[in-house]
Amino acid sequence: MLTPARETRRARWEDVLKAPSFAYLRASSLAQVFDALAEHGEDARILAGGQSLVPALNMRLSEPRLLIDINPIAALTGIERRGGMLRIGALTRHSEVGASPLVARLAPLIHQAIPHIAHPAIRNRGTFGGSLAQADPAAELPACVLALDAVLHLASRRGERAVSARDFFRALYETALAPDEVITAIDVPVAPQGTRSVFVELARRRGDYALVGLAAEAREVGLRLVFFGVGNKPVEAGAASAALAAGITAERIAAAQAALARDLDPPGDLQADGATKLHLARVLLGRAARALMAA
Amino acid sequence: MSERPLSFLDRPNSYIGKSVPRPNAQRLLQGRGVFVDDIRLPRLLHAAFLRSPYAHARIKHIDTAAASRRPGVVRVVTAADLAGLCTPWVGVLTHLKGMKSAPQHPLARDRACWQGEPVAAVAAESRAEAEDALAEIAVEWEELPPLASAEAALAPGARAIHDTLGDNLAFARAVDAGAVDDAFARADAVVAETFTFARHTGVCPEPRSILAEFDPGDRRLTLYCSSQAPHMMKEIVLRHFPLAETDVRVVCRDVGGSYGVKIHVYPDEMAVIALALLLGRPVKFVADRLESFVSDIHAREHRVAARMAVSRTGEILAIAIDDLTGIGPYSTYPRSSAVEGNQIVGLTGSWYRSANYRARLRVAFQTKPPMSQYRAVGHPIACAVTEGLVDLAARAIAMDPAELRRRNLIADEAYPWKSPAGLLFEKLSHQRALERMLELMDYEGLRREQRDLRAKGIHRGIGLASFVEITNPGPAFYGVGGAPISAQDGCSVRLEPGGSVTCAISVTEQGQGTETMVAQIVASVLGVALARVRVVTGDTERTPYGGGTWASRGTGIGGEAALQAAKALRANILDLAGAMLQAAPGDLDIAEGWIVDAETGARRIGLEEVGRAGYFRGDTLPPLTQPELMATRHHQPRDYPFAFTNGVQASWLELDIETGFVRLLKHWVVEDCGRMVSPLLVDEQIRGGVVQGLGAALFEECLYDAAGQLRNGTLADYLVPMAAEMPDIEVAHLETPLAGTELGAKGIGEAGTAGAPAAVMNAINDALAPLGARVSEQPITPARILRALGRL
Ligand SMILES: Cc1cc2nc3c(=O)[nH]c(=O)nc-3n(C[C@H](O)[C@H](O)[C@H](O)COP(=O)(O)OP(=O)(O)OC[C@H]3O[C@@H](n4cnc5c(N)ncnc54)[C@H](O)[C@@H]3O)c2cc1C
């Protein structure tokens, strides 16, 4: 049953209520979430950590009629190894991911990325799946899952499907997620022996979204370089990584930096214009490559 | 019997010069503060404002019918509805010759002149309902060309924003002292730079808030507001609303920071008062963060072209500056928006000996939010320009920048001193401050470290910045210009029957610790424990009359009033105790809540006995004894128009020349604010001020596009300095007491903000110098540094 939020809340929130009126459903099972999504479609929004959604509501940038709170659904949280995969539940908090020894060992890139996400209070609420669903082009985790070739598990009343990170991120805040779907879990291929990961980011202030960032993963099969904060979604730098394919040397780093212009065409934002971003991306590439060389 | 001098300073139990816990800190930290938003009154209404989405647009028609029918909505008003209730205001000061501005109204009439100007107001049962209704107000706009930049506004042929004013020049001033042209002609080196300072804003933790309660029965208005100057606010209400002096009360409970943002008259707040009068119900308005960015005053936005002439031997021969600033479409009422530029003209170069000084100031109207006084008004600009030139000059003649300062700072023995622009310095300590700084930071050691690291490709910079700060202003600041702003403050001190003390004072608490400072002084003079003093502030009906918090005046002026009031009460208490004990009052003293024998310190009677006798047992007192257990004193600075303070700041930072990122490693401040009442509060004023200055230097900027639209009006996009980026800030003090007061305290509130940006800019330029680059545009962002390095 849906409770009109305004009525139940008014007594307590009275004059501080800033968001437009919405109804609120505290879901206790995935089935309940599927039904509500199927019924309300675009008018409904899933509430996970609320660290992106609630500010958007308060600024009235988003005006859903129904919020479906998935926080009570225990099945959506947790981190475990399943064969060659590390499975991270969509509702797992950033802070849990950051503190997990499994993640540190099997997905060191993600382990390195977590401290760059916002501040501790936000990491205590914000979730892994929420971050991917939000698909902020300057966010850390979308870049990581792309660099790691992770697979996202999406589910709805219609059934389940697995979507690779490569197919998931489509455009600015746009993903492969259908209006009636939920991200349930993410499978990250376990890092084989000898994997080297480097995560570097430039932000004006600690915890800010990245000005430019780079998730770099060197595996036997090749080098993956995924930049973020440089486009409308995380961007894989194929030309730069090709330039380093034969092994990392000082000359090849310079060549890769030059090649980056073919991979990236960053739009400017409030903090920096496109040229500055490209320059900074080159600097990060150089630093990451040298770190990989040393590792 | 030896005559004991009545000085509380050397008493063993004095609180002066001691860092004591703040009595109100626990309550505030527990979240029990009472801010305007915490006040709930019966039948309370909430106001929300429709603000102009355009920088400049004609309002052709407003249809409020649909909004008025929304649930919970009590009234929707536009300018026409308030016309008879509130008279317009004009933000000029008459002593700033030639200043002009246009009449301003609570809601824009016919035309909006900045993005964010309030156009219509909704009063509803809840803020949410008021906001819902805003969406239903239909405005027919006709966009007009914006005039966002000050340059464009003053360009020949530019259209006047206000037809009646003729042009967009709000104020201009020129100073020409000494023989400037001569000095430049005979100089061995002349350095020149154009410095720019971005617009930024105050970002108070508690946004602007007001609750107006009007009782139509007796026509009484009570304003609960988050303000620095309650008595000024009352005068403003009396000037513009049809209310009697007896019928207006302004109450400021806890105030969550203000920094100068909360001493101005804001149209939305005037509209809230008008709504309360119109509706006969209490009306509350709390600005949200988004509207704060477009409706709070902004500050700075200066472009200063500057030159300095110097001799080969390191004598500064002359300084010349030309400042252009943009202040929005109206000069802010009642302090005006010309003071910042005026201070820059006055302050620049004033701590150096050179007598040759030329300055030009132009203050322009433009279609951006009004700009006005924010912490350290004008100082950071005057300081960055002066100190930036000094470093350039040092480089030009290959002299160490510390040495160039040493050779030119006014000598500590030379006071009183009059600066070329006419500022009077009573007694400052620049030379001693510089020496203390060089020792504190181990200047020579740092220079060595810098050289060693440079050889390893690590680029560090050292920046110095001497400064003065204007504090304790007298009536020459605003009063003579016709503004209803009191430069004096008053304090009443009363002994309670139980021996505790109640003190009511007109300076106000904004979270900076005013009440602690006052309690320290009163407790010390009266010989009672700090916990036995209750300080009352922020209520026009309960405190003496006075100016409040602004221009770093709380301790210097309010503290002196408290000292004198406490002394008067002390004399009265000793008179009464003398009558009770049949002793000469001069033979008695008060210590730790007891009347004691002055000579031996032996306890005679407790203060509570004096209180009880005075209030309840007059029958036991000798005939003709009239106890006066309350005393009031006021203090007004007279001898000098301002009490200047001085100091020097230094910054040590590391520059990443590939990314343009700056890491602040350490910051030092040596300052002289005269007598310190609480070193803890002084240090925290300095540190907080430095952080705001670092914000200006590196982060804060209201980014406007050519259409006059703010592009970063949220706390996600507008970068305030955060703890992780801040360096350790070490503070050291000199104490040159202020003459003409017994307390000897000067102000401290703005010194940190005054000098920090200059120190950081100089340190960055010091790191850049070997690379042949320099920056002069604040905030100094990575992109600006990379551009200076030619890497972009
Ligand atoms: C001050 C601040 C700074 C921040 N800085 C950073 C930063 O530096 N880097 C960074 O990456 N993030 C940052 N964030 C965002 C933070 O990481 C968020 O937690 C994250 O982006 C969204 O996660 P959430 O769980 O809070 O999602 P919510 O806010 O609850 O939801 C976000 C969106 O995702 C949808 N959604 C959530 N979960 C699911 C799901 N399981 N299936 C389908 N859809 C779902 C929601 O419907 C909503 O549309 C910051 C946030 C704040 C407030």
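The values are calculated or read from the model by the stated rules, or taken from the named source; none is laboratory data. Keep in mind that what you see is a predicted model, and the values were worked out from it rather than measured. Positions of Cβ are generated from backbone atoms using ideal geometry, with glycine treated the same way; all protein chains shown enter the neighbour counts. Accessible surface is based on the protein model in full, side chains and every heavy atom, while ligands, DNA and RNA are left aside. Shrake-Rupley method; radii C 1.70, N 1.55, O 1.52, S 1.80 Å.
At-a-glance table
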| item | result |
| --- | --- |
| The range A:156-182, residues that are closer than 15 Å to A:LEU146 by Cβ and near the ligand (Cβ under 10 Å from one of its atoms) | A:THR175 |
| Count - residues of the range B:628-648 that are over 19 Å from the mean Cα position of the chain (by Cα) and assigned to a strand (DSSP E or B) | 7 |
| Extreme residue, modelled with the lowest pLDDT, among residues of the range B:288-316 that are surrounded by fewer than 24 Cβ atoms within 10 Å (Cβ to Cβ) and in a loop (DSSP other than H, G, I, E, B) | B:ASP288 |
| Residue list for the range A:15-39, filter: more than 14 Å from chain B (Cβ to nearest Cβ), open to solvent by 50 Å² or more (accessible area, probe 1.4 Å) and part of a helix (DSSP H, G or I) | A:ALA31, A:GLN32, A:ASP35, A:GLU39 |
| Among (1) more than 16 Å from A:ILE186 (Cβ to Cβ); (2) free of Cβ contacts under 8 Å to residues at least 40 places away in the same chain; (3) away from the ligand (no atom under 12 Å from the Cβ), the one test that A:GLY78 misses | (1) |
| Count of the range A:117-127 residues which are assigned to a helix (DSSP H, G or I) and near the ligand (Cβ under 8 Å from one of its atoms) | 3 |
| Residue tally, condition at pLDDT 95 or above and within 28 Å of the chain's Cα centre (by Cα), over the range A:244-257 | 4 |
| Test: residue in the range B:81-88 that is among the polar types (S, T, N, Q), open to solvent by 20 Å² or more (accessible area, probe 1.4 Å) and in contact with a helix residue (DSSP H, G or I) (Cβ under 6 Å, 6 or more places away or on another chain) | yes |
| Subset of the range A:137-155 [away from chain B (no Cβ under 14 Å) and within 13 Å of the ligand (Cβ to nearest atom)] | A:PRO137, A:GLU140, A:LEU141, A:PRO142, A:ALA143, A:CYS144, A:VAL145, A:LEU152, A:HIS153, A:LEU154, A:ALA155 |
| Enumeration of residues in the range B:81-105 that are closer than 19 Å to B:GLN366 by Cα and assigned to a loop (DSSP other than H, G, I, E, B) | B:VAL90, B:GLY91, B:VAL92, B:GLY98, B:MET99, B:LYS100, B:SER101, B:ALA102, B:PRO103, B:HIS105 |
| Among the candidates B:PHE661, B:PHE699, residue that is within 16 Å of the ligand (Cβ to nearest atom) and within 14 Å of another protein chain (Cβ to nearest Cβ) | B:PHE699 |
| Residue match in the range B:651-660 (condition: at positive phi, assigned to a loop (DSSP other than H, G, I, E, B) and either hydrophobic (A, V, I, L, M, F, W, C) or crowded, with 16+ Cβ neighbours inside 10 Å (or both)) | yes |
| Number of positions in the range A:260-272 that are at the interface with chain B (Cβ under 7 Å from one of its Cβ atoms) and open to solvent by 20 Å² or more (accessible area, probe 1.4 Å) | 1 |
| Out of B:GLY693, B:GLY688, sole residue that is open to solvent by 20 Å² or more (accessible area, probe 1.4 Å), in contact with a helix residue (DSSP H, G or I) (Cβ under 7 Å, 6 or more places away or on another chain) and away from every other protein chain (no Cβ under 13 Å) | B:GLY688 |
| Some residue of the range A:40-59 being assigned to a helix (DSSP H, G or I), among the hydrophobic types (A, V, I, L, M, F, W, C), open to solvent by 30 Å² or more (accessible area, probe 1.4 Å) and within 14 Å of the ligand (Cβ to nearest atom) | yes |
| Residue satisfying condition, being part of a helix (DSSP H, G or I), more than 9 Å from the ligand (Cβ to nearest atom) and either within 14 Å of chain B (Cβ to nearest Cβ) or crowded, with 22+ Cβ neighbours inside 10 Å (or both), within set A:ILE88, A:ILE114 | A:ILE114 |
| Residue match in the range A:195-210 (condition: more than 30 Å from A:LEU47 (Cβ to Cβ), touching a strand residue (DSSP E or B) at 6+ places or on another chain (Cβ under 9 Å), within 14 Å of chain B (Cβ to nearest Cβ) and open to solvent by 30 Å² or more (accessible area, probe 1.4 Å)) | yes |
| In the range B:333-364, the residues that are open to solvent by 10 Å² or more (accessible area, probe 1.4 Å) and polar (S, T, N, Q) | B:ASN342, B:GLN343, B:SER354, B:ASN356 |
| Options B:PRO757, B:PRO779: the member that is closer than 27 Å to B:ALA394 by Cα, within 14 Å of another protein chain (Cβ to nearest Cβ), open to solvent by less than 10 Å² (accessible area, probe 1.4 Å) and under 21 Å from the mean Cα position of the chain (by Cα) | B:PRO779 |
| A:GLN134 being in contact with a Ser or Thr (Cβ under 6 Å, 6 or more places away or on another chain), open to solvent by 20 Å² or more (accessible area, probe 1.4 Å) and either within 14 Å of another protein chain (Cβ to nearest Cβ) or more than 10 Å from the ligand (Cβ to nearest atom) (or both) | yes |
| Hits in the range A:34-86 - residues which are in contact with a strand residue (DSSP E or B) (Cβ under 7 Å, 6 or more places away or on another chain) and on the phi > 0 side of the Ramachandran plot | A:GLY78 |
| Of all residues in the range B:140-159 being surrounded by fewer than 19 Cβ atoms within 10 Å (Cβ to Cβ) and touching a residue at least 60 places away in the same chain (Cβ under 8 Å), the one that is farthest from B:PRO71 (Cα to Cα) | B:GLU151 |
| Residues of the range B:702-733 satisfying the condition of being surrounded by fewer than 20 Cβ atoms within 10 Å (Cβ to Cβ) and away from every other protein chain (no Cβ under 14 Å) | B:ALA706, B:ALA707, B:ASP728, B:GLU730, B:ALA732, B:HIS733 |
| Matching option when the condition is open to solvent by 50 Å² or more (accessible area, probe 1.4 Å) and either without any contact (Cβ under 8 Å) to a residue 40 or more places away in the chain or under 30 Å from the mean Cα position of the chain (by Cα) (or both), among B:PRO71, B:PRO118, B:PRO53 | B:PRO53 |
| The listed residue being under 28 Å from A:ARG205 (Cα atoms), near the ligand (Cβ under 10 Å from one of its atoms) and either in a loop (DSSP other than H, G, I, E, B) or not assigned by TED's automatic domain parsing to the domain that holds A:ALA237 (or both), out of A:SER62, A:SER95 | A:SER62 |
| Output for the range A:273-295, where each listed residue is closer than 20 Å to A:CYS144 by Cα, within 24 Å of the chain's Cα centre (by Cα) and either more than 14 Å from every other protein chain (Cβ to nearest Cβ) or open to solvent by 60 Å² or more (accessible area, probe 1.4 Å) (or both) | A:ARG282, A:ARG287, A:ALA291, A:LEU292 |
